[in-house]
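Step one of this worksheet: look at the structure below.
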Amino acid sequence: MGLEQLYEEIISCEKCTRLRDWCISQEGTKKEYKDDSYWSLPLPGFGDPEARVLITGLAPAAHGGNRTGRVFTGDTSGQYLFAALYRHGFSNQERSFSKDDSLELNDVFITNVVKCAPPKNKPDASEFSACSGFLEKEIQAMENLEVILAFGGQAFERTKRVLRKMDADVSAAKFGHGVKFEFGAGFPVLMGSYHTSLYNINTRRITPEMLDDVFEKVKHVIDK
Ligand code: SF4
């Protein structure tokens, strides 16, 4: 199955009642976006279907991707990520604020492990389980995939579980900023980065320089 077919399958999914209700209920609840029409559907990945690099986050933000209809778009996390992608030649512009802003990614595809925004940014175990098949299909559909860069410890752990389900021996893989694990022929390299969350930015757990270091490592893997 290609990414386009998968897009249709994802946006029509209704498996998790709690998350579907939460996504729909968020419209009009935040003052600064009170006049916005929210996407509110499950959120598919976005980017270059021929990419060698896949970035995985945990789940859409209620007033970010769930509002704009594009992953990492419309919140602070995305501003840092897309600026870094631009600095490293993976995108045609450094900002991402709307689904219609002409952003194009080059050699990168971005998705979330869970496709619907969860309350408190915490999917439960049954929701992870229900949704992880979509990430597996995305990985399988990316014929040129060489590197998965997981944003944040939870995304790393859940991405790792999907790779294990695909028969990769991931037992040695442990999350950290800039870590890199290889699982042998037929599997992408798994790397980790601290998430560009508002908290991590404000506490300087992640800085633009640290993101640059990670993307330099990613480029080193795909260009070798
Ligand atoms: S989280 Fe995933 S499995 Fe659950 S409803 Fe959304 S798209 Fe479907």
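The values are calculated or read from the model by the stated rules, or taken from the named source; none is laboratory data. If you're wondering where the values come from, they're calculated on a predicted model, not measured in any experiment. Here the Cβ positions follow ideal geometry from the backbone for every residue, glycine too, while neighbour counts run over all protein chains shown. When the accessible area is computed, the model is the full protein with side chains, heavy atoms only, and any ligands, DNA or RNA have been set aside. Shrake-Rupley method; radii C 1.70, N 1.55, O 1.52, S 1.80 Å.
Things worth noting here:
- Contact map, the stretch 61-76: residues that are more than 11 Å from Lys115 (Cα to Cα) and at pLDDT 95 or above paired with residues that are β-branched (Val, Ile, Thr) and surrounded by 23 or more Cβ atoms within 10 Å (Cβ to Cβ), Cβ distance under 8 Å, separation 6+ or inter-chain. Pairs shown: Gly64/Thr73; Phe72/Ile110.
- Of all residues making up the stretch 165-179, the number that are open to solvent by 30 Å² or more (accessible area, probe 1.4 Å) and either within 16 Å of Lys137 (Cβ to Cβ) or touching a residue at least 24 places away in the same chain (Cβ under 8 Å) (or both): 5
- Residue match in the stretch 37-47 (condition: open to solvent by less than 40 Å² (accessible area, probe 1.4 Å) and farther than 16 Å from Pro118 by Cα): yes
- Selection of the stretch 1-36 for residues being more than 11 Å from the ligand (Cβ to nearest atom), assigned to a loop (DSSP other than H, G, I, E, B) and surrounded by 14 or more Cβ atoms within 10 Å (Cβ to Cβ) yields Gln26, Glu27, Asp36.
- Per-region count, the stretch 190-214, residues part of a helix (DSSP H, G or I) and touching a helix residue (DSSP H, G or I) at 6+ places or on another chain (Cβ under 6 Å): 2
- Residue match in the stretch 114-124 (condition: without any contact (Cβ under 8 Å) to a residue 60 or more places away in the chain and under 16 Å from the mean Cα position of the chain (by Cα)): yes
- If the condition is being away from the ligand (no atom under 16 Å from the Cβ), in a loop (DSSP other than H, G, I, E, B) and open to solvent by less than 30 Å² (accessible area, probe 1.4 Å), then the stretch 75-116 contributes His88, Phe90, Ser96, Asp101, Leu103, Asp107.
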